Every structure is written in structure tokens, then in C-alpha cells.
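Asker: One structure, pasted below without further comment.
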Protein chains: 2
Amino acid sequence: MRDDPTHLAEQVSTVLRHLVLLLRRTVAGQPVTSQQYGVLGSLEGGPRRMTELAEEHAVQLPTMTVQINRLEDAGLVARGSDPADARVRTVELTAEGRDRLRAVRQARIAHLTRELEALTEDERATLAAALPVLAKLGRS
Amino acid sequence: MRDDPTHLAEQVSTVLRHLVLLLRRTVAGQPVTSQQYGVLGSLEGGPRRMTELAEEHAVQLPTMTVQINRLEDAGLVARGSDPADARVRTVELTAEGRDRLRAVRQARIAHLTRELEALTEDERATLAAALPVLAKLGRS
DNA sequence: CCGGAATATTAGCCAGGCTAACTTAGTTGT
DNA sequence: ACAACTAAGTTAGCCTGGCTAATATTCCGG
């Protein structure tokens with residue numbers, strides 16, 4: 001029972017549910033939704049094509065089309081074209097989108113930071129040690 | 001920089017996004033959605049009232065009404081009444097609901113267990129140590 | 001230059017949130 | 001005793017965010 005993957009799985013499952021609820025509360029009422037924030041983040045390094053964005057966010061292309069439409073309507077991104085291939089549409093941040101991204105990131109990090117400051121230094125160290133393990137999950 | 005909550009927050013943020021995607025993949029294509037599974041779980045200990053369920057899942061009452069409607073249509077739960085207060089509706093698992101819950105739980109745990117078995121014993125220990133800390137987040 | 005592959009979009013469906021408005025039933029105060 | 005308030009649920013209508021199927025366009029290979 002000391003190293004029982006099944007038992008651990010049950011505990012992980014419980015904690016995961018807790019984290020999902022926490023995330024929902026964290027994100028509620030921000031000026032962009034969680035998904036929009038994610039997409040904006042993908043554009044930080046420069047223009048991307050639709051297919052790339054869809055893959056990166058593990059959604060189908062039509063889903064991403066709708067997302068980008070909304071971001072475009074909000075003035076946060078702009079569509080462009082690839083001169084080398086007329087089929088591809090590129091998407092890039094507008095100045096406003098870049099500002100918005102920075103602001104939201106700021107807010108999210110600040111929120112999480114506050115949560116983490118409520119922990120002891122030991123607890124933070126324990127958490128930090130586990131992050132690489134968590135990141136490894138699902139890569140198998 | 002060795003114990004910097006802000007820096008840790010950024011890493012946690014990244015890992016959280018990874019976990020959300022992992023969860024989405026895990027859950028896709030199961031016979032009940034993630035939320036339905038959660039509600040069924042809440043009913044395992046016996047009948048509950050609508051308000052309790054809504055609070056427990058951090059949603060508004062109308063949202064829970066719709067959820068329960070769907071579960072009722074699917075034959076997994078049944079509505080009842082509180083003899084002491086005609087305003088309250090109770091919700092309980094049907095036999096089929098109980099079976100379904102068991103099956104889905106089995107599948108989810110099995111899936112996660114497989115992921116965890118891919119880790120080393122040390123990594124599992126690291127993860128296990130961090131779970132109480134993660135559970136503590138957001139309770140402040 | 002024609003047929004198949006690749007890139008996006010449109011349309012239409014569903015789950016799962018929300019608020020506002022409504023009904024019904026208990027509770028309270030005079 | 002009853003009017004007014006409060007509590008519990010539901011209904012209606014809206015939004016986001018997924019999906020698939022169908023459709024345009026464009027590119028590329030023979």
C-alpha cells in the first residue's frame with residue numbers, strides 16, 4: 001500500500017477536481033475567457049496560422065475559427081495572409097491584444113502568487129518539486 | 001530566486017494548463033460527461049437536494065436543474081420530495097445510475113493509474129507529497 | 001490541366017455556464 | 001390570521017466553447 005498507483009490515482013483525481021474548480025473561480029469575470037487568453041498567449045511570439053493554433057490548443061479547426069472571429073471582433077487580433085500560400089490565414093496580435101494579454105497575465109499571476117504566499121516555504125518547495133512530475137503526466 | 005512565489009506561480013500556471021488539456025483528453029468519449037460524473041458522485045451517499053448539489057459544484061441553481069434534467073432523462077437519477085418541506089426536490093441515484101457511476105469511476109481510475117505507472121517510484125512519492133499542498137490551494 | 005490533398009470557413013448541433021422572471025411553499029410580524 | 005418577505009426550484013433566453021459535415025479555395029503531382 002505504500003506505493004500503490006491505483007490509490008494514488010484516486011487521490012490525484014480528487015485533487016484535480018479541486019483544481020478545476022479553483023481555476024474556474026480564478027478565471028471568472030476576467031476581460032477575456034480562459035481559452036481566449038490561451039490563444040492570445042500563442043500569438044505572443046508572432047503570427048501563426050489557423051491549423052497551428054488549433055493543434056496547439058487541441059481543438060478542431062472550426063472551433064479555432066470561431067475563437068479567432070471573436071478575438072478579431074474584439075479588436076485583439078488581426079487576420080493576415082501568407083504571400084507564399086493563398087490558402088493559409090495568419091493571425092497576429094494587435095497592439096490592443098498585446099496590452100490585454102499583458103494585463104490578464106499580470107492579474108492571473110498575481111492571483112496565483114497570493115495563493116502561494118499563503119503556503120509555507122516548505123510547502124512551496126514540495127509543490128515546486130512535483131511540477132515536473134505533473135508536467136510529465138499524459139506525455140506517455 | 002530560490003523561493004519566489006511569483007516565479008512559482010508562472011510555472012504552476014503552465015502545468016495547470018497542461019493538466020486541463022490532459023483531463024479533456026481523458027474524459028472525451030466517456031458515457032457520461034465530466035460534470036455528470038461529478039454530480040453522480042455527489043449522490044453516492046444518498047439523496048441530496050438541488051441547492052446542496054449546486055453549491056457543492058459551484059454552479060447556480062438553474063444550471064444544476066438542467067444537469068439533473070439530463071441525468072433524469074437518461075434514467076440515471078430520480079427526483080423525489082422532502083415530506084417535511086414541499087419546496088425542496090431531492091435527487092437520488094437509480095440502480096442504473098449507480099452502475100454507471102461505478103463503471104465510469106473504474107475507467108477513470110484505470111486511465112490515471114496507467115499514467116502513474118509510467119512514473120518512477122520516486123516520482124510518485126514526490127507527487128503524493130504535493131497532493132495535500134495542491135488541495136490546500138484556494139482554501140485560503 | 002485535372003484530380004486529389006490541404007487550408008479555412010460556414011452551418012447546425014450539443015453541453016454547460018449565466019441572469020432574469022416566475023411559481024410555489026414556508027416564515028414572520030403585527 | 002394574514003400580508004409581506006424569504007427560500008427552493010424551474011423556465012426562458014443568452015453566451016461560450018466544443019463537435020461534425022459540407023463547402024469554397026488553393027496548391028501540387030502526374
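Asker: Could you pull the copy-to-copy label distances for A:GLY75, with points set 7 Å along Cα to Cβ, in nm to one decimal and sorted shortest first?
Answerer: Values, ascending and in nm: 5.5.
Asker: If every alpha-carbon in the protein assembly as shown counts as one equal scatterer, what log10 I(q)/I(0) does Debye give at q = 0.07 1/Å?
Answerer: Per q value, in the given order, log10 I(q)/I(0) is -0.33.
Asker: Oh, and also: Looking at segment A:33-140, which trypsin sites (Lys or Arg not before Pro) are DSSP coil and have at most 14 other C-beta atoms within 10 Å of their C-beta? Please report the intermediate quantities before stating the final value.
Answerer: Working: sites: A:ARG48, A:ARG49, A:ARG70, A:ARG79, A:ARG87, A:ARG89, A:ARG98, A:ARG100, A:ARG102, A:ARG105, A:ARG108, A:ARG114, A:ARG124, A:LYS136, A:ARG139; in loops: A:ARG139.
Qualifying residues, ordered by number: A:ARG139.
Asker: For A:GLN106, place a label point 7 Å out from Cα along the Cα→Cβ vector, do the same in each other copy, and report the separations in nm, one decimal, smallest first.
Answerer: Counterpart label points of A:GLN106 in the remaining copies fall at 5.3 nm.
Asker: Using the alpha-carbon centroid of each, what span in Å lies between segment B:70-108 and segment A:40-114?
Answerer: 41 Å
Asker: Among B:ILE109, A:ILE68, which comes first, second and so on when ranked by fewest other beta-carbon atoms within 10 Å?
Answerer: Neighbour counts put them in this order, fewest first: B:ILE109, A:ILE68.
Asker: Quick one: order A:SER81, A:SER13 by neighbouring beta-carbon count within 10 Å, fewest to most.
Answerer: By the 10 Å Cβ count, ascending: A:SER81, A:SER13.
Asker: Under the Kirkwood approximation applied to all pairs of distinct alpha-carbon atoms, what is the hydrodynamic radius of segment A:1-81 in Å?
Answerer: 15.1 Å
Asker: Determine the calculated [θ] at 222 nm for the protein assembly as shown from helices alone, applying -39500 (n - 2.57) to every DSSP H run no shorter than 4 residues and normalising by the residue count; nearest 500 deg cm²/dmol.
Answerer: Result for the protein assembly as shown: -21500 deg cm²/dmol, rounded to the nearest 500.
Asker: Moving to a separate point now. Tell me, what is the percent relative contact order of chain A, built from C-alpha pairs under 8 Å that lie six or more residues apart?
Answerer: With pairs under 8 Å counted, the relative contact order is 21 percent.
Asker: Using the number of other C-beta atoms within 10 angstrom as an exposure proxy, rank A:VAL88, A:VAL104 with the fewest first.
Answerer: Listing A:VAL88, A:VAL104 from fewest to most nearby Cβ atoms yields A:VAL88, A:VAL104.
Asker: With a cut-off of at most 15 other beta carbons within 10 Å, and DSSP calling the residue loop, which trypsin sites (Lys or Arg not before Pro) in segment A:1-42 qualify? Please list them.
Answerer: A:ARG2
Asker: What is the sum of charges around B:ALA103, taking Lys and Arg as +1, Asp and Glu as -1, for the other residues whose C-beta is under 14 Å from the C-beta of B:ALA103?
Answerer: Net charge in that neighbourhood comes out at +2.
Asker: If you don't mind, there's one more thing I want to ask. Please work out whether segment B:78-122 counts as rounded, prolate or oblate from its C-alpha gyration tensor, where a ≥ b ≥ c are the square roots of the eigenvalues and a/c under 1.5 means rounded, while otherwise a/b larger than b/c means prolate and anything else oblate?
Answerer: prolate
Asker: Which value results when the Cα radius of gyration for segment A:26-140 is divided by 2.2 N^0.38 Å? Can you show the working numbers first?
Answerer: Values: Rg = 17.2 Å, N = 115, 2.2 N^0.38 = 13.4 Å.
So segment A:26-140 has a normalised radius of gyration of 1.28.
Asker: Let me know the mean shielding of B:121-129 by other chains, meaning the per-residue number of their Cβ atoms within 10 Å of its Cβ. Mind showing how you got there, number by number?
Answerer: Values: counts 3, 2, 7, 6, 5, 7, 10, 9, 5.
Per-residue shielding by partner chains comes out at 6.
Values in this text are rule-based calculations from the coordinates and carry no lab data. Source: prediction; values computed, not measured. Note that each Cβ is placed from the backbone with ideal geometry, even for glycine, and that neighbours are counted across all protein chains shown.
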